[in-house]
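Only one structure is covered here, and it is reproduced in the block below.
What follows is calculated from the coordinates using simple rules that are stated; it is not laboratory data. Predicted model, so just to flag it, every value in this text is computed and none were measured. Because the Cβ atoms are built from the backbone with ideal geometry, glycine has one as well, and the counts that use them run over all protein chains shown.
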Amino acid sequence: MPLALAMHGITKRFPGVVANDHIDFQLAPGEIHALLGENGAGKSTLMHILYGLTQPDTGALYVQGQRVHIPSPRAAMAHGIGMVHQPFMLVPTLTVTENIILGQEVAYGGSWLHRGAATEQIRQLAAQYHLDIDPQAYIRDLPVGLRQRVEILKALYRQATILILDEPTAVLTPAEIEHFSLTLTTLAQHGTSIIFITHKLREVLPIAHRITVLRQGRVVGSMTPAQTTEAALAALMVGEASATVRQPAATAPGAEAVLQVQRVSILDTRGAAAVTEMSLTVHAGEIVGIAGVQGNGQTELVEALAGLRPPVGGTITLLGVDMTRATPRQMAACGVGHIPEDRHAHGLVASYSVADNLVLNTYHQAPFAHRLLRRRAAVAAHAARLMLLFDVRAPHPTTLAGSLSGGNQQKLVIARECARPLRLLLAAYPTRGLDIGATASIHQHLLQQRAQGCAVLLVSADLDELLALSDRIAVLYHGAILAALPRHEASRKRIGQLMAGVDGVGGAGAGKDDVPCGPVC
């Protein structure tokens, strides 16, 4: 039986960098093949070549034993190659069926859309692969886990036999990850070949049939799970034994309540309730983690605390001062740092230099300005110092921020926020999509802020991250804190149940052992 896919000698160069350097990659029928590597290792470029988004400089592609040329995603789909992107490519105002058939509509009579036939086919596919979903549901009403099923069904509807999954578990609950793993196994058993791109090593070993590791554009290892360990994979990815950040021994937080959120209610952009009468306190020298499936009010909460979204009820106080209606500049002036969940939209200006991005919230202050005059030498010196201190890898402070890798862009944001004295740091998904090295570096900076007496609010969908860093973990569900657990009482299973709205003791909602937080958590 021929290989489902073979890539031979794939090379792709961009100005100043070799993204893929003579890469060989093979995929067998019905195989789950995990592709690992740091940010910038060449994974995305290799998959973009396979999906027709980028053309290789040299090399050859073979699908089912036949050499092929793939100039576009449409050509890739014609060869049975589908890709589930991160983030998802869905239209919220359309139904599941409408999203799946978009561009592949079945019509009769030359003009009438045959939704019934498409809906029935989607039901059959969903049943076959245990992807239970209502074809008539609107995407906007579905949680993240179900939206992912829609993306997979969309590829299967287009008769994909090779499926590329880009960071597919980044926003799923532990229960959803377990179901997702079963789905992959079922797909493989039915003959679908899967390329599984991830940074979560613990998810690779149980389900992958084979693992390939890229580093600096080259294949540095390919093995079965039985031939390796998490530690060995991490060492291959970074080129050395990976540094792990160990949480210091727990200490009692300072008595000073830095942030107090009292019965705060917040609306989303559509005017619907996103957060309802939430109360929370974060003390000096404490990391409070916020767990929850994305879309349960985390975005609106952080934006309100950063001064980007005014609450419609309740109060927000910082060191006893009412900051409910404060602007972002006022919050920053009072010692609030903000690492936003979308670094591209709210964390940096891609068309500005690294140096300019590092003073976005202090450019008007000394030593970077004197009255109406900007002191360029001071800005440049500041940038050079922070680039070294926070390991922001760029050729020069004048390099445009948009040209940096994702990990370096995130370190740029963290350098800007953490280089000044802080009383409160809001960190929203600070390591999403980052490799082991960048993640370890960012964790270290969060712990340093904690050690310096800063109050840290950490929002993350990664339970390992929350359990490693947090002193307390509050679980957000439908805009309310379902429970707040000290670190020694928290576990992956317990938090995962709460994230899904299920109490581990007595069912949905908070049980007798987990009373919802009162005025102060």
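Each other residue within a Cβ distance under 15 Å of Lys411 adds +1 if Lys or Arg and -1 if Asp or Glu, for a net charge of +1.
Binning the C-alpha pair distances of the chain at 20 Å intervals from 0 yields a P(r) profile of 21, 52, 26, 1 %, listed from the shortest bin outward. Using R0 = 51 Å, the C-beta based FRET efficiency linking Thr276 and Arg67 works out to 0.30. Between Arg375 and Arg140, the C-beta separation translates, for a Förster distance of 41 Å, into a calculated FRET efficiency of about 0.30. Note on Met89 and Ala333: the extension gain reaches 84.0 nm, defined as 0.36 nm multiplied by sequence separation minus the Cα-Cα distance. Based on every Cα atom in region 5-238, Rg and the maximum pairwise Cα distance Dmax equal 18.1, 60 Å.
Of the cross-linked pairs Lys12/Lys200; Lys43/Lys200; Lys12/Lys43, those separated by over 19 Å at the C-alpha level are Lys12/Lys200.
In summary, the aspartates and glutamates within cross-link reach of Lys493, defined as a Cα separation below 16 angstrom excluding same-chain residues under 8 places away, comprise Glu176, Glu178, Glu203, Asp462, Asp464, Glu465, Asp503, Asp513, Asp514. Take every pair of alpha-carbon atoms less than 8 Å apart whose residues are at least six positions apart; their mean separation over the length of the chain yields a relative contact order of 15 percent. The local environment of Ala19, defined by Cβ-Cβ distances under 11 Å, has a net charge of +2 under the rule Lys, Arg +1 and Asp, Glu -1. Compute the FRET efficiency between Ser351 and Arg325 as 1/(1 + (r/R0)^6), taking r as their Cβ-Cβ distance and R0 = 51 Å, and round to the nearest 0.05. Computed FRET efficiency for Ser351 and Arg325 comes out at 0.95. Using the alpha-carbon positions of region 134-196, Rg (one decimal) and Dmax (whole number) come out as 11.8, 32 Å. Counting only DSSP beta bridges whose two residues both lie in the chain, roughly 60 percent are antiparallel. Charged neighbours of Thr431, selected by a Cβ distance under 10 Å, balance to -2 (K, R count +1; D, E count -1).
Within region 446-498, all pairs of alpha-carbon atoms sorted by distance into 5 Å bins from zero give the percentages 4, 19, 31, 25, 13, 7, 1.
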